[in-house]
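Report on the structure given below.
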There are 2 protein chains.
Amino acid sequence: MLAKIGDKWSILTIMMLSDGTKRFSELQRGIDGVSQRMLTLTLRGLERDGLVTREVFPTIPPRVEYTLTPLGRSLQVPVIALGQWVTANLPELEAARRRFDAAAEEA
Amino acid sequence: MLAKIGDKWSILTIMMLSDGTKRFSELQRGIDGVSQRMLTLTLRGLERDGLVTREVFPTIPPRVEYTLTPLGRSLQVPVIALGQWVTANLPELEAARRRFDAAAEEA
DNA sequence: ATCCTAGGTTACGATTCGTAACCGGAAAGG
DNA sequence: CCTTTCCGGTTACGAATCGTAACCTAGGAT
């Protein structure tokens, strides 16, 4: 269960949906590097876990909107905290990696 | 980066290390279902990112202790929040899954 | 006729994961 | 002696997952 919620795409998707309902293409544009397939799979997983709702408008071309459920909104709090921690500490994480990799180089 | 930090085993490991230094076997016993290999890989990843330190005591049999760095301790706050959310909402998540799977059954 | 749209599925190669076996060297038990 | 036990780690290999790219739907616009 933790595996799915801690998942990279799930976290980014929940962060995206935190400021309101979004359609599929908006999410795809907003989440850097996500493929159509991965976004579809992620959204299905979140829907399955009762975290988002999926609403289809049968127009041509189709329109699909995703919204956080109350349960999803309650998850939004810790998820955003985690996301912010990562962005805030990204430079330090990358520096640590460079140090580690450089030290491992001396083999 | 998010991928590694949101990772299931990383989260559980950081939660384990939150109440102090632990040795390898303690972590393995405390983290339900983790294999030796996965724990090793997870700890190396956390060490690489500067979140834990690894200290080897060259005795026979060997002893290895893992400790959260200051950076790791700062991550501990949002990670524990996420972990607690999951355990608190586990019943509701499982219920949602059952509903979703039952509805999908009607094909 | 052809292209464009938005969301989704399929096929397939590339990673990653998990299980299980094995390793080290000293020390304790038979 | 010979075997077993200790702990942390590595290796091998099959299974699951991920990511890229192609294709699909059907109507409206060019």
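The values are calculated or read from the model by the stated rules, or taken from the named source; none is laboratory data. In this text the structure is predicted, and so the values were computed from the model without any measurement. Cβ atoms come from the backbone with ideal geometry, glycine included; neighbour counts cover every protein chain shown.
Any residue that is under 21 Å from residue A:78 (Cα atoms), surrounded by fewer than 18 Cβ atoms within 10 Å (Cβ to Cβ), without any contact (Cβ under 8 Å) to a residue 40 or more places away in the chain and away from every other protein chain (no Cβ under 11 Å) - is there at least one of those in the range B:18-41? Yes, the range B:18-41 contains a residue that is under 21 Å from residue A:78 (Cα atoms), surrounded by fewer than 18 Cβ atoms within 10 Å (Cβ to Cβ), without any contact (Cβ under 8 Å) to a residue 40 or more places away in the chain and away from every other protein chain (no Cβ under 11 Å). When the range B:78-104 is limited to residues that are under 15 Å from the mean Cα position of the chain (by Cα) and not polar (S, T, N, Q), the one that is nearest to residue A:84 (Cα to Cα) turns out to be B:78. Taking the stated definitions as given, is residue B:46 within 24 Å of residue A:98 (Cα to Cα) and within 11 Å of DNA strand C (Cβ to nearest atom)? No: the conditions fail for residue B:46. When the range A:1-37 is limited to residues that are among the hydrophobic types (A, V, I, L, M, F, W, C) and within 9 Å of DNA strand C (Cβ to nearest atom), the one that is nearest to residue B:7 (Cα to Cα) turns out to be A:3.
Residues checked against (1) within 15 Å of DNA strand D (Cβ to nearest atom); (2) touching a Ser or Thr at 6+ places or on another chain (Cβ under 6 Å); (3) at pLDDT below 95:
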site	(1), (2), (3)
A:36	yes, no, no
A:41	yes, no, no
A:53	no, yes, no
A:63	yes, no, no
A:70	no, no, no
A:74	no, no, no
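Let's see how each residue does on (1) of a type outside the set (Ser, Thr, Tyr); (2) in a helix (DSSP H, G or I):
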site	(1), (2)
A:39	yes, yes
A:42	no, yes
A:45	yes, yes
A:56	yes, no
A:95	yes, yes
A:101	yes, yes
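Scan the range A:1-34 for residues that are more than 12 Å from DNA strand D (Cβ to nearest atom), farther than 28 Å from residue B:102 by Cα and hydrophobic (A, V, I, L, M, F, W, C) and the total you get is 2. Within the range B:57-72, is even one residue loosely packed, with under 15 Cβ neighbours inside 10 Å and within 11 Å of chain A (Cβ to nearest Cβ)? Yes, the range B:57-72 contains a residue that is loosely packed, with under 15 Cβ neighbours inside 10 Å and within 11 Å of chain A (Cβ to nearest Cβ). Taken over the range B:73-107, the criterion of being without any contact (Cβ under 8 Å) to a residue 60 or more places away in the chain, small (Gly, Ala, Ser) and surrounded by 14 or more Cβ atoms within 10 Å (Cβ to Cβ) is satisfied by B:74, B:81, B:96.
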